[in-house]
Each structure stands twice: as structure tokens, then as C-alpha cells.
1. Just add up the charged neighbours of Leu552: K/R +1, D/E -1, any other residue whose Cβ is under 11 Å from the Cβ of Leu552.
2. Residue separation times 0.36 nm, minus the C-alpha to C-alpha distance between Val315 and Met271: what's the value?
3. Please report Lys374, Lys347, Lys172 as a ranked list, fewest other C-beta atoms within 10 angstrom at the top and most at the bottom.
4. Ordered by packing density, taken as the mean number of other Cβ atoms within 10 Å over each peptide's residues, highest first, how do 279-286, 30-37 rank?
5. Taking R0 as 35 Å, what's the FRET efficiency between Ala563 and Leu450 from their Cβ-Cβ distance, rounded to 0.05?
6. Compute the length gained on full extension between Asn546 and Lys394: take 0.36 nm times their separation in residues and subtract their Cα-Cα distance, giving the result in nm to one decimal.
7. Arranged by the count of other C-beta atoms within 10 angstrom, fewest first, what order do Lys535, Lys440 take?
8. Given a Förster radius of 22 Å and the C-beta distance between Gln144 and Lys59 as r, what FRET efficiency does 1/(1 + (r/R0)^6) yield to the nearest 0.05?
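What follows is calculated from the coordinates using simple rules that are stated; it is not laboratory data. Quick caveat: nothing in here was measured; it's all calculated off a predicted structure. Because the Cβ atoms are built from the backbone with ideal geometry, glycine has one as well, and the counts that use them run over all protein chains shown.
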Amino acid sequence: MYKGILTPLLFLIFAWFVVSNDEVRVIIAGIAIFLIGMNYMENGFKLFSGGALEVVLEKFTDNTPKAITTGFLATAVVQSSSLVSVIIISFLSAELIGLTQAVGVIFGSNIGTTTTAWLVSSLGLKINIAHYALPILIFGVVMQFSKMNSYKGLGSVLIGLGFIFLGIDYMKDGFEAIKEGLDLAEYAMDGYLGIFVYILFGIVATVVIQSSSATMAIIITALATGQIDYISALSLAIGANVGTTVTAVLGAMTSNKNGKRLAVAHFVFNMITGFIAVVFIYQLKDLVNVLAPLLSISESNFAMKLALFHTIFNVIGVLAVTPFMRQLVNFLGTLFCSNEKGRGEPKYLNDDVIQIPASAQEAIRKETQHLYDKSIEAILHAMSLHRKDVFSAKEIKDVVHQSKTKIAINVEKVYQNEIKNLYGAIIHYASLAQRQMVEKENNKIYEYKLAARNIIEMVKDIKELQKNINFYMKNKNKIMIDEYNKLRMQLVLSLRIIERIRSYEDLVKGEGAQGEKSTAAYPDEDILTQLEVLKASANADEVTLNQRIDYLIRENKIDSKMASSLMNDGGFSHSIRKKLINLSTIIWIKDLDLKELGDEYEH
């Protein structure tokens with residue numbers, strides 16, 4: 001009840017405050033326009049890049065220094081640490097990158113956010129920025145009418161830049177006007193008490209505004225107009241850095257476990273960085289005075305000195321925390337470890353991933369692989385085989401002949417309760433993801449849907465095959481036992497070859513202890529050989545079985561019912577092997593020539 005009354009009451013108080021004070025209204029309007037500009041720039045870069053930003057973040061983060069550098073450059077260019085964070089969380093959830101790489105990008109992104117301070121202090125305060133804002137807005141709006149996404153995205157970027165310039169100009173004018181009636185610099189406090197009070201103000205401002213960049217713009221314009229003194233501005237900047245941690249933690253509360261882990265990493269980094277900055281604030285201030293002339297920053301240009309200070313203490317934070325990256329990542333890996341999901345529940349499909357096409361595509365591929373693993377378990381048990389034996393170094397003949405005990409499994413029940421649910425989740429998620437994908441990406445998703453359908457059909461095939469395997473393995477006719485053992489051996493051979501192909505991908509994409517990708521070469525020729533063996537073996541076995549059935553009938557070694565069962569089950573076995581080749585080319589093979597081999601066999 002009180003909550004329902006409090007929110008409207010606070011809004012009315014805020015509205016009265018804005019309406020009754022002209023100078024404050026101008027400042028708040030500037031903040032609002034600035035935030036609108038940041039939002040336009042974020043969405044514009046997302047549309048303008050056409051996935052290029054995602055490619056950069058995936059390809060250039062294979063070790064910690066590159067991850068930090070890439071995080072810095074990406075954030076500096078797009079002026080949005082939140083956009084970079086969204087992409088990184090989605091990549092981490094889809095396992096496109098490791099946790100170490102993701103943390104490195106977040107560290108670099110913290111340095112990247114300091115470029116906003118440089119933009120405001122160098123351009124926003126030195127030139128008549130509003131004079132350039134209107135033409136930029138006009139060009140941005142005109143480009144919004146283009147049918148090409150890249151031009152629309154560039155238009156949004158220009159609109160965002162125009163609004164940012166306007167917002168800075170409004171804030172500057174507001175602080176200039178308010179100074180005539182009230183000089184906030186008179187209330188500055190000396191010593192560490194003043195530092196802690198202003199740090200608190202910076203934290204609160206950032207939490208309220210939900211943007212450290214906007215807070216820094218306010219601090220710089222207030223400093224430039226003389227509303228606050230230099231040391232207070234430095235304290236506010238530290239508070240803004242710490243405050244953005246609070247916003248990240250609040251945002252991560254509704255995120256998945258990877259989002260929460262990165263929020264913790266962000267929190268740890270900013271708290272350590274803030275602590276260092278507070279303890280050595282006067283030493284850092286002196287360091288800025290030493291470095292400023294080297295960067296052609298005048299002694300009286302406190303706005304640019306503040307930007308330099310902001311950059312320095314974030315860089316120091318990275319240098320201080322990075323040596324302990326292994327320990328931090330190990331600690332993060334122990335957090336938010338929920339119980340294993342239900343056997344029919346997806347592992348990789350979540351809302352954080354679906355926002356980024358590259359991540360959504362990889363998540364669907366991995367979920368299809370998850371569906372394969374679940375289905376193979378059911379298929380093997382239906383043939384009275386165990387995974388540990390099938391994928392061991394044992395001779396295939398020994399594996400099959402030693403597996404005579406029936407495994408109690410209801411394939412229909414497993415299909416309905418687990419496999420079908422997982423398949424449905426993949427199809428549903430894929431359909432939603434395709435709405436924001438281009439034609440090439442849509443075609444890839446269609447392939448994954450096809451692979452998932454092949455997996456489902458394999459389970460249906462084994463359900464039919466299981467009946468006769470269980471029946472004839474107890475039959476007194478040794479010939480029928482041998483024939484069904486041959487079918488089982490053929491399937492085991494196929495599964496071993498597919499597992500070998502799959503292991504090649506794991507080798508190439510495998511990660512070390514610190515999440516860094518392997519540089520192993522992709523053995524295309526070996527995969528081609530394996531596929532040729534599997535394809536030739538499947539075709540030859542089908543011909544041999546038909547000839548064998550004809551011979552057994554003529555020799556009266558089996559009756560017509562046995563022959564019919566063997567013929568049908570041979571068809572089911574061949575169908576499974578055929579689908580294995582097709583789905584393996586989709587899920588685990590990227591080379592186009594090798595994919596064509598699988599496609600030829602499918603048709």
C-alpha cells in the first residue's frame with residue numbers, strides 16, 4: 001500500500017522541483033537529452049555494425065591482454081559498456097568464449113568508459129557544441145529513412161551524438177545560470193571527510209541516473225563552470241566508478257548465472273579500483289599534474305585533468321587485478337551453481353543469448369548437440385549397450401557380444417518426457433531468434449532444425465528396432481542373433497566415427513584452464529576420410545544384408561517372418577546411420593566441401 005503511494009508522491013515532488021526552478025530544469029533536461037543520446041548511439045551501433053562488433057569480441061579475445069584491449073576499444077567506439085556487457089554475457093552463455101576472456105573484456109570496458117570524459121572535456125567544453133548538434137541531428141534523421149540497416153544504424157548513431165552534444169550544452173548552461181544564485185563550491189569540505197561525502201554523492205547520482213557516463217558529464221560540466229572544486233570532482237568521479245557497480249549488480253539480478261558472475265567480477269574490480277583511488281587520491285592528483293603537460297593539457301584545464309585522472313585510476317585497477325585473474329575466475333566459477341536442470345530442459349537457450357544473433361546461433365547448435373547426447377543415450381540403451389563401452393578402446397565385436405543383458409528402458413517414455421520437450425524448446429527458441437537474423441543466419445538455423453529433426457527420427461527408428469533386438473536376442477536361432485549383433489556392431493562403428501569427428505571440433509575449440517582457445521589445426525583430410533569410410537560402410541552393409549537375407553531364405557535358415565523383421569530392421573539401422581552422417585556435417589563440420597559430402601549422401 002505504502003509503496004503504491006510513495007512512488008507517485010516522489011514523482012510529484014520531483015515534478016514540482018523541476019517546474020519551480022528554471023536552472024535545475026535546464027540541467028535535468030540536459031541529463032535527459034544526454035541519456036537519450038546514449039541510448040540512440042547504443043542501438044545505432046548495434047544496427048550499423050551488422051554483427052561486426054560481435055565478430056570482433058569473439059575473434060580477438062583469445063588471451064587476457066587481447067580481451068582487455070578489445071573490451072577497451074569496443075567500449076570506446078560504441079560508447080556503451082552495457083552493449084558490450086550484453087554481448088559478452090550472451091557469448092559466455094553460449095560458450096563462445098570462456099569466463100577468463102569475458103572478465104578480461106569487462107576490465108577493458110571499464111577503461112573504455114573513460115573516453116566519454118575525454119569527449120565531454122575536449123569537445124563539449126571547448127567549442128560551441130550546440131552549433132554542430134543540430135546539423136548532426138538533421139543528417140541522422142534523414143538517414144533513418146533509408147531501407148538499408150547500415151544507414152539506419154549510422155543515422156541512429158548521428159542522432160545519438162547530436163543529442164549528447166545538446167545534453168552537454170544544456171548542462172553547461174544550467175550550471176552557468178545556477179552559479180549566479182548559488183555557488184556550490186562554497187560547500188566544499190576539506191580532507192578525507194569531504195572526499196568520502198563526495199564519493200557518496202557520486203555513487204548515489206550514478207545509481208539514480210543509471211549511467212556513469214552521464215554522471216561524469218555532469219561532474220565535468222559542473223567543474224568547468226566552477227560549481228565544484230577540483231578535488232571534489234575527483235572524489236565524485238571515484239563515486240561514479242563505484243556507483244556503476246551497483247547498477248551492474250542490480251541489472252544482473254534478473255540475468256542468468258553468467259551475467260551474475262560478470263557482475264561480481266565488475267563489483268570486485270571497481271571496489272578494488274575505488275579503494276586504490278581513495279587511498280592514493282593526492283598522489284594520483286600529483287601524477288596527473290606531471291602527465292598533463294606531456295599531453296598538452298594546460299595547468300588550468302581541470303576538466304581534461306579530471307578525464308586523465310579517471311583513465312589513470314582505471315588503468316591502475318586493471319594492472320592491480322589482472323595478475324590475480326586465475327584466482328578470481330576460479331572463485332567466480334564456484335558462484336551461482338544451481339542444481340542440474342531437468343533431463344528434458346534446455347541448457348543453453350535463454351533470453352540473454354537470444355538478443356545477439358551470433359550467440360543465439362551457437363546456443364541452438366549446442367542445444368542440438370545436447371539433444372543428440374540425450375538421444376544417443378536412449379539409442380544405446382535400446383540396443384542393450386552402455387556408452388562407456390561403446391566409446392571405449394574395446395573391440396566393437398567384444399563390446400556387442402558382451403552386451404547380452406537387456407537394459408530396462410522405455411524409449412517411448414523417454415521420448416515423450418525428455419527428448420520431445422527438448423526438441424520443442426529448440427524449435428520454439430529458433431523461431432524467435434530468426435526474427436532478428438539475416439538470410440545467411442536464417443539458413444544456418446534451418447540446418448540446425450533439420451539436424452534436430454534427424455535426431456528425433458533416429459529415436460523413432462530405434463524404438464521400432466528395439467522390439468526385435470530384445471525378441472531375437474533371446475531366440476534359439478543363432479543366425480538371427482548373429483544378424484542382429486551385426487546391426488548393433490554397424491551402429492557402434494558409425495557412432496565411434498561420429499564421435500571421432502566431434503572430437504576434432506572439441507580439439508580446435510577446446511579451452512585451457514584459463515579459457516584460452518586451442519590453436520590446434522583442423523584436420524580436414526582426416527574428417528573427409530572418416531566420412532568416406534562411414535558412407536561406404538553404410539551403403540555396403542545395406543547391400544550385403546539384402547544379399548544375406550536372400551541366401552538365408554533359400555537355405556531355409558530363416559522363415560519369412562524372420563526375413564521380414566530383418567529386412568525392416570536393416571532399413572531402420574541404415575536410416576539411423578544415414579541421419580548420423582547428415583546431422584554430423586551440420587553440427588560439427590564447418591568446411592563446405594565436407595558438408596557437401598554429407599548432403600550428397602542425404603540425397
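1. Numbers: positive: Arg548, Arg554, Lys557; negative: Asp482, Glu483, Asp550, Glu555, Asp559.
Residues near Leu552 contribute -2 overall.
2. On the way: separation 44, 0.36 × 44 = 15.84 nm, distance 1.38 nm.
Full extension from Val315 to Met271 adds 14.5 nm.
3. Least to most surrounded, the residues fall as Lys347, Lys374, Lys172.
4. Peptide ranking by packing, descending: 30-37, 279-286.
5. On the way: r = 34 Å, r/R0 = 0.96.
So the FRET efficiency works out to roughly 0.55.
6. Working: separation 152, 0.36 × 152 = 54.72 nm, distance 2.87 nm.
That pair, Asn546 and Lys394, stretches by 51.8 nm at full extension.
7. Details: Lys535 18, Lys440 8.
Ordered from fewest to most neighbouring Cβ atoms within 10 Å, Lys535, Lys440 come out as Lys440, Lys535.
8. On the way: r = 30 Å, r/R0 = 1.38.
Calculated transfer efficiency: 0.10.
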